[in-house]
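> Supplied in C-alpha cells, the structure appears directly below.
The values are calculated or read from the model by the stated rules, or taken from the named source; none is laboratory data. On a predicted model such as this, the values are computed, not experimentally measured, just so you know. Cβ coordinates were reconstructed from backbone atoms using ideal geometry, including for glycine residues, and neighbour counts include every protein chain displayed. The area values use the complete protein model at the heavy-atom level, side chains included, leaving out ligands, DNA and RNA. Shrake-Rupley method; radii C 1.70, N 1.55, O 1.52, S 1.80 Å.
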Amino acid sequence: MLNRRNFLKTGITVGAGAIPLNSTLHGLNTPPASSAQSAPADIYGSEIKIVSFPPRLASQDQAAIPWQNKIRRVGQTNFTEYDPAVINVDQWADYWHSAKADIVFVSVTGILAFYPSKVKFHRHGKFLNNRDLFGECVTAAKKRGMRVVARMSPDLNWGDALEAHPEWAMRHQDGSVQYSNEEPRLFKTCMFSTYMDDYVPAIMREINSLYDVDCFYTNGWPPLGSLPDCHCSICSKLPASDTPAYWRVFTDRVLELWQKYDAITKEKKHDSFFFANSGGNVRGGPNLNRLGQTAAWFQADNQGRTYDDAAIWGCSLQGRV
Ligand SMILES: [Zn+2]
C-alpha cells in the first residue's frame, strides 16, 4: 500500500529504481494524465499505480472571497457571571491578539446580559453593575484588528419571564414546565414559541444598534444530540418527537429562524450573517444537507460534557458529513 511514509521514502530513493521525486512533483502542475500509470516495483515488491493530481484551481479574486472564508484562527472565552467584576479586558484582548486570532467570540448572552441591556427579561448578572463588558471587549478586539462574533444563548430564561410569558416554556406531557437540569431556576424555552420570534431578535437588534459586530451566533440552540420533546400548546399539534415527520418540522423551524436571524444581521451589514452551534459530534440535530445550503459558517462546538463517548475526532467526522 502506498501511504504517506513509503511515498516519501520511495520518492527520495531515486536511483534505487523507485518513483523519481521530480516526476511525482511534476504532476502538481499538469492536468490529469489519461489514467493511472505503472511504476517500477515498490519497496514491497508489488506493482503500484500512480494517479496524477487533479488540476490546480484557478486563482481567486481576493476581494470576492467572503471574509469568513479567510478566517484561520478563532478565539473564544465564555464569560461567567462574576467576570464583569474582575476581568481585565486589555489582557483578554492582548491574549487573543498574541495567539493570532482573526476573530473572537464575545458573550452577549441570553441568560445573563454582559452589557446594560434594556430588553425586557434580559437579566443583568449581579456583578454587572451596569458595566458594558461586551462593548469594552468589542472595542478592544477591533483596536487589535480582530473581528467579533456576538455569542448568545437563547435556550434558557428566568422565572420573571416565565410568569409574564408562560407560552415561552417547554412543557412535559402533564403540562408542567421543563427546567434546566443544571440550574432549576432556569426554564427551557420552546423553539416553536414567540420567544425565538420576538425576544431573540430584540437582543440582536439592540446589539446591532450599539456595537460594531461582524456576525451573530447562538449556543444552546438548535438542540444537539436529541430532538426536543415538548408538549406546549404549539408542539402538541406537531408530530411526535423522535419521528421522521417531527424531524422535518424541526428542520423547517430551524431554517425559518436561521434565515430570519440572518436577515436581521444584514439589516446593518450586508456581509454579516447568523450561525449556530451544530456540534454534538455526528449526532447533530437538523438535516445537515438542508442546513448546508443556508449556513455561511458551520460551527461544531463540541464542549466535551454532553456525551460520555464523544471522541476528539468526532468534530472532523461531522465536518465531513
Ligand atoms: Zn413547545
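Yes/no matrix, rows are residues, columns are (1) touching an Asp or Glu at 6+ places or on another chain (Cβ under 9 Å); (2) within 15 Å of S193 (Cβ to Cβ):
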| residue | (1), (2) |
| --- | --- |
| P116 | yes, no |
| K143 | no, no |
| M146 | yes, no |
| N157 | no, yes |
| A164 | no, yes |
| R171 | no, yes |
| Y179 | no, no |
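> Can D198 be described as away from the ligand (no atom under 12 Å from the Cβ), open to solvent by 30 Å² or more (accessible area, probe 1.4 Å) and under 17 Å from L162 (Cβ atoms)?
On the way: away from the ligand (no atom under 12 Å from the Cβ): yes; open to solvent by 30 Å² or more (accessible area, probe 1.4 Å): yes; under 17 Å from L162 (Cβ atoms): yes.
Criteria met by D198.
Each row is one residue, and each column tells you yes or no for (1) at positive phi; (2) among the β-branched types (V, I, T); (3) surrounded by fewer than 21 Cβ atoms within 10 Å (Cβ to Cβ); (4) touching a residue at least 40 places away in the same chain (Cβ under 8 Å).
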{"residue": "Q76", "(1), (2), (3), (4)": "no, no, yes, yes"}
{"residue": "W92", "(1), (2), (3), (4)": "no, no, no, yes"}
{"residue": "E136", "(1), (2), (3), (4)": "no, no, yes, yes"}
{"residue": "A140", "(1), (2), (3), (4)": "no, no, no, yes"}
{"residue": "S153", "(1), (2), (3), (4)": "no, no, yes, yes"}
{"residue": "G175", "(1), (2), (3), (4)": "yes, no, yes, yes"}
{"residue": "S180", "(1), (2), (3), (4)": "no, no, yes, no"}
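> Here is a follow-up. Which of the following residues is buried (at least 24 other Cβ atoms within 10 Å of the Cβ) and either under 15 Å from M204 (Cβ atoms) or touching a Lys or Arg at 6+ places or on another chain (Cβ under 7 Å) (or both): V106, V119?
On the way: V119 fails: buried (at least 24 other Cβ atoms within 10 Å of the Cβ).
None of the other options fit; the residue is V106.
> Looking at the structure I just gave you, is V148 touching a helix residue (DSSP H, G or I) at 6+ places or on another chain (Cβ under 6 Å) and closer than 30 Å to S98 by Cα? Show your work before the answer.
Details: touching a helix residue (DSSP H, G or I) at 6+ places or on another chain (Cβ under 6 Å): yes; closer than 30 Å to S98 by Cα: yes.
Judged against the criteria, V148 is a match.
> Continuing with this model, one more query. Which one is nearest to the chain's Cα centre (by Cα) among residues in the range 169-190 that are within 14 Å of the ligand (Cβ to nearest atom) and of a type in the set (A, V, I, L, M, F, W, C)?
Result: C190.
> Hey, another quick one. Identify all residues within the range 298-321 that are at pLDDT 85 or above and open to solvent by less than 30 Å² (accessible area, probe 1.4 Å); write none if there are none. If you could, list the steps in order and put the result at the bottom.
The initial filter retains those residues of the range 298-321 that are at pLDDT 85 or above, namely 298-299.
Once the filter is applied, which keeps residues that are at pLDDT 85 or above and open to solvent by less than 30 Å² (accessible area, probe 1.4 Å), the range 298-321 yields only Q299.
> Against the conditions (1) open to solvent by 20 Å² or more (accessible area, probe 1.4 Å); (2) under 24 Å from K260 (Cβ atoms); (3) within 11 Å of the ligand (Cβ to nearest atom), where does G220 fall short? Just the number, please.
Failing condition for G220: (3).
> Pull up the range 229-250, narrow it to residues that are touching a Gly at 6+ places or on another chain (Cβ under 9 Å) and free of Cβ contacts under 8 Å to residues at least 60 places away in the same chain, then point me to the one that is nearest to the ligand (Cβ to nearest atom).
Filtering the range 229-250 for residues that are touching a Gly at 6+ places or on another chain (Cβ under 9 Å) and free of Cβ contacts under 8 Å to residues at least 60 places away in the same chain, the one nearest to the ligand (Cβ to nearest atom) comes out as F250.
> Report yes if E256 is surrounded by fewer than 19 Cβ atoms within 10 Å (Cβ to Cβ), outside any loop (DSSP other than H, G, I, E, B) and in contact with a Cys (Cβ under 9 Å, 6 or more places away or on another chain), otherwise no. If you could, list the steps in order and put the result at the bottom.
On the way: surrounded by fewer than 19 Cβ atoms within 10 Å (Cβ to Cβ): yes; outside any loop (DSSP other than H, G, I, E, B): yes; in contact with a Cys (Cβ under 9 Å, 6 or more places away or on another chain): no.
Criteria not met by E256.
> Quick one: how many residues across the range 259-294 are loosely packed, with under 14 Cβ neighbours inside 10 Å and among the polar types (S, T, N, Q)?
Of the residues in the range 259-294, 3 are loosely packed, with under 14 Cβ neighbours inside 10 Å and among the polar types (S, T, N, Q).
> Look at A164 and say whether it is hydrophobic (A, V, I, L, M, F, W, C), more than 16 Å from the ligand (Cβ to nearest atom) and surrounded by fewer than 21 Cβ atoms within 10 Å (Cβ to Cβ).
On the way: hydrophobic (A, V, I, L, M, F, W, C): yes; more than 16 Å from the ligand (Cβ to nearest atom): yes; surrounded by fewer than 21 Cβ atoms within 10 Å (Cβ to Cβ): yes.
Yes, satisfied.
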